[in-house]
Amino acid sequence: MLSIKGLSKQFKLKHQNVMAVDDVSIDINKGEIYGVIGYSGAGKSTFVRLINRLEDPSSGEVLLNGQDLTKLKQGKLRQERQKIGMIFQHFNLLWSRTVYENIAFPLEIAGTPKQEREDKVNELIDLVGLKGREKSYPSQLSGGQKQRVGIARALANDPGVLLCDEATSALDPETTDDILDLLVDINEKLQLTIILITHEMHVIQKICHRVAVMEQGKVVEQGDVLDVFVKPQAKTTKRFVQQLSPLEHQREHLEQFLNGRDDSQVLKLHFIGGHAKKALISELSKKLDIEVNILQGSISPTQEGAYGTLYVEVNGAPDLIEQAVEYAKGSGVEVEVLKHD
Ligand SMILES: Nc1ncnc2c1ncn2[C@@H]1O[C@H](COP(=O)(O)OP(=O)(O)OP(=O)(O)O)[C@@H](O)[C@H]1O
Ligand SMILES: [Mg+2]
């Protein structure tokens, strides 16, 4: 329902041109939480600003329910923009207005009648969990509460899409989790499509269904969160996945652990969803004349189900180890053989 085709933005500076967004194409389904991750300067903010045309693209299309937003003239654009809400890292609230007045603001601009406006604001205050704080000013709120005001305000005109640009980056880990839970709640209750920009992989892991990885304006990888976590392809993606998996840092030690041992191999096994992990290990040692030692393991939850990583050391004749790898692969488990010097 939101289809981005060949979207590019070049900033022309005095001495050089910057290709902030470079030929990006992404299709986002209705009701999906779509994450965009990348390091600083990758073009993430420019990308979301192109979606609601806070920035005009150099080329490409942004089709919202079939309508190309990049072609709209001012009046019509203002109207269509109401279908896209946005929240920001530093909340962008009006400091001289109360919580209630901040949330009412977009409704005033849209010319919503008074009674309807009041009902809507009260409904939103309930939704984001700010009951009792209506008369507070932003300066009297915690970061998490400020972002709740930001979210309520963004939802005032019933948008179909919510853009979140680093919406939790100014918050502590616990508050981040609360706000992410709220976003999931809203996503499910309102069938709201959410595009979430972040540089933190755990944010993607916790709430996104799909993810795109951006680097130098380009999308270098995109797909289901679970697939990307289990089989990251691009170098940048691998680095992001490592942020989350303390085990990845131990890889080197594991590889060293192997040095000089011909009869031993370390395998990294990925279990997705409900694959029978215990059974596989015992089957391997029963069926083949090898010994399997579990070195390390972890389980990571995602929106689309959990995946587990297990490092095992296999001791035995090389051809038996090879058979073990094939057997594991055949049982639906991803297997990676660690480098052997
Ligand atoms: N208005 C502008 N004029 C010129 N260059 C810009 C402008 N806005 C962004 N850029 C450049 O475009 C590139 C992408 O910037 P952008 O802010 O989109 O990155 P980002 O991924 O959001 O980074 P961060 O994680 O730091 O927020 C950068 O090189 C930046 O300097
Ligand atoms: Mg940014």
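The values are calculated or read from the model by the stated rules, or taken from the named source; none is laboratory data. This is a predicted model, so every value here is computed, not measured. FYI the Cβ positions are ideal-geometry reconstructions off the backbone, even for glycines, and counts take in every protein chain you see.
Here are the numbers for the structure shown:
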| quantity | calculated |
| --- | --- |
| Filter pass, residue 80 being touching a residue at least 40 places away in the same chain (Cβ under 8 Å) and of a type in the set (Asp, Glu) | no |
| Count of segment 1-17 residues which are surrounded by 15 or more Cβ atoms within 10 Å (Cβ to Cβ) and either under 30 Å from residue 302 (Cα atoms) or modelled with pLDDT under 95 (or both) | 6 |
| Failed item, numbered, when residue 142 is tested on (1) crowded, with 18+ Cβ neighbours inside 10 Å; (2) of a type in the set (Ser, Thr, Tyr); (3) away from ligand 2 (no atom under 16 Å from the Cβ) | (1) |
| Options 35, 31: the member that is surrounded by fewer than 21 Cβ atoms within 10 Å (Cβ to Cβ), small (Gly, Ala, Ser) and modelled with pLDDT of 95 or more | 31 |
| Single match in 319, 289 (criterion: part of a loop (DSSP other than H, G, I, E, B) and either of a type in the set (S, T, N, Q) or modelled with pLDDT of 80 or more (or both)) | 289 |
| Filter pass, residue 66 being in contact with a Leu (Cβ under 8 Å, 6 or more places away or on another chain) and surrounded by fewer than 21 Cβ atoms within 10 Å (Cβ to Cβ) | no |
| Restricting segment 253-271 to residues that are within 19 Å of residue 230 (Cβ to Cβ) and at pLDDT 80 or above, the residue that is surrounded by the fewest Cβ atoms within 10 Å (Cβ to Cβ) | 270 |
| Residue satisfying condition, being away from ligand 1 (no atom under 12 Å from the Cβ), in contact with a Leu (Cβ under 6 Å, 6 or more places away or on another chain) and not charged (D, E, K, R), within set 25, 96, 3 | 3 |
| Qualifying position, being in the same structural domain as residue 162 (by TED's automatic domain parsing), in contact with an Asp or Glu (Cβ under 8 Å, 6 or more places away or on another chain), at positive phi and surrounded by fewer than 21 Cβ atoms within 10 Å (Cβ to Cβ), among 60, 41, 111 | 60 |
| Breaking point among (1) of a type in the set (Ser, Thr, Tyr); (2) part of a strand (DSSP E or B); (3) crowded, with 19+ Cβ neighbours inside 10 Å, for residue 25 | (3) |
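Okay, residues lined up against (1) in contact with a Cys (Cβ under 7 Å, 6 or more places away or on another chain); (2) free of Cβ contacts under 8 Å to residues at least 60 places away in the same chain:
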| site | (1), (2) |
| --- | --- |
| 133 | no, yes |
| 138 | no, yes |
| 182 | no, yes |
| 193 | no, no |
| 225 | yes, no |
| 243 | no, yes |
